[in-house]
1. Kindly identify the chain as rounded, prolate or oblate by the Cα gyration tensor criterion: order the square roots of the eigenvalues as a ≥ b ≥ c, call it rounded if a/c is under 1.5, otherwise compare a/b with b/c, prolate if a/b is larger, else oblate.
2. If amide hydrogens are placed 1.01 Å from N in the peptide plane, which non-local residues have theirs closer than 5 Å to the one on ILE118?
3. Where both partners of a DSSP beta bridge lie in the chain, what percent of those bridges are antiparallel, to the nearest 5?
4. Computed FRET efficiency, Cβ-Cβ of ILE116 and ILE352, R0 56 Å: what is it to the nearest 0.05?
5. Please work out the Cα center distance from segment 62-91 to segment 95-165, rounded to the nearest Å.
6. Hey, with R₀ at 30 Å, roughly what FRET efficiency would LEU47 and SER180 work out to, going by the Cβ-Cβ distance, to 0.05?
7. Any chance you could give the angle, 0 to 90 degrees and rounded to 10, that helix 31-48 forms with the longest Cα principal axis of the chain?
8. Angle between the Cα long axis of helix 326-344 and the longest principal axis of the chain, 0 to 90 degrees, nearest 10?
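The values are calculated or read from the model by the stated rules, or taken from the named source; none is laboratory data. A quick note: this is a predicted structure, and the numbers were derived from the prediction, not measured. In this analysis, Cβ positions are derived from the backbone assuming ideal geometry, glycine residues included, and neighbour counts consider all displayed protein chains. Ligands, DNA and RNA are excluded from the accessible area calculation, which covers all protein heavy atoms including side chains. Shrake-Rupley method; radii C 1.70, N 1.55, O 1.52, S 1.80 Å.
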Amino acid sequence: PHRRSATGRTAFFNELAQCLFDFVIQLLPTAEEMAVKEDVRKLLEKLIRTIEPESRLLSFGSTANGFSLRNSDMDLCCLIDSKGPPLQASDLVTMLGDLLERETKFHVKTLPFARIPIVKLSLDPSPGLPFGISCDIGFENRLALENTRLLLSYASVDPTRVRTIVLFLKVWTKRRKINSPYRGTLSSYGYVLLVIYFLVHVKNPPVLPNLQQMPPLRPISHEDTHIGEHNIWFFDDTELLRRKWQSANTETVAELLIDFFKYYSRDFSYNTGVASIRSGLLKKESKGWATENDGGRYSDSSRDRNRLCIEDPFETNYNVSRTVTKDGLYTIRGEFMRASRILAARPERAIIALAQLCE
Ligand code: GTP
Ligand code: MG
């Protein structure tokens, strides 16, 4: 039976919000898991330093941005601080691969000639680590460290609402199989950017401020705000933000999630729009990402890469969703519509809606 009264609506939202918290909480990594991962990072750092003494191994991605689920993989980035002639990333990858193969129990695979050379490691499940570990080590990926910090800052402005929505979406996109960039859909990183874009630029009043457009507290040099040509500055004093930023938006996570699905099922302009966290809604045309046939200026491959457009917060010439194919986008939108439909029906028990969503 549909609940049509206003109190019925509110009751449903509150119940769904509670279900979302409960659902997400049981999927968070345990303190033990976090500790094991930190030990692994330290061990790997120690080994890398036998090859390159001036190096640091830093964690990025979900283990560092506050959006990690239980048993998620580890993303590590090796930074080399030495002033001497740098080792080629491809050589480092090969040397490190050999070393880890000799000295550890990890299964090792090296990709020295990939666009971003990496070492892939995995550890078989054991009693203390029932799901094993898988881990990628990349090199000098400073932009990824910065975008991890940006996501962490957004998460800490409004921890409960942002984390609950993002973590729920992560589970949902995995269960519905729309979280595989290699198979034409979108990465976790892409979905997180869609959520932040929605909370900063679509919701009115906004749930989150635009951290990249807030004025700095004191002047900062060009050098300190740029990596290459990319402006990486954002307001990162989250202590201050937590005290000062009070969103006028008081919707529950349930209302926000329902609205998120509605927006991306029918309101976002997929054909012409670019979701930019830095600048709001942009036009594909203005970025040279247009997909329309305008005299053959854009090749088929450009059309295929730009079905869905999400501008990276720092690498603004980079479409994070370039992996999404025509079919992939059709599937993703179909899933947003399905989710909208299930939640709009407001079944008697919110928990049933969640279970149905994640079937
Ligand atoms: P799970 O592994 O599913 O838990 O999610 P995750 O948050 O670790 O996301 P994902 O594995 O998709 O990406 C890990 C990190 O790599 C992100 O936080 C980014 O810092 C970086 N990253 C991933 N994809 C891209 C991309 O397309 N462009 C850029 N610039 N960075 C990316
Ligand atoms: Mg990851």
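1. Taking the square roots of the gyration eigenvalues as a ≥ b ≥ c, the chain is prolate.
2. Answer set, sorted by chain and number: LEU111.
3. Antiparallel bridges make up about 75 percent of those DSSP assigns within the chain.
4. The formula returns an efficiency of 0.85 here.
5. If you average the Cα positions of each part, the centres end up 7 Å apart.
6. That gives a FRET efficiency of 0.45.
7. For 31-48 against the chain, the angle is about 30 degrees.
8. 50
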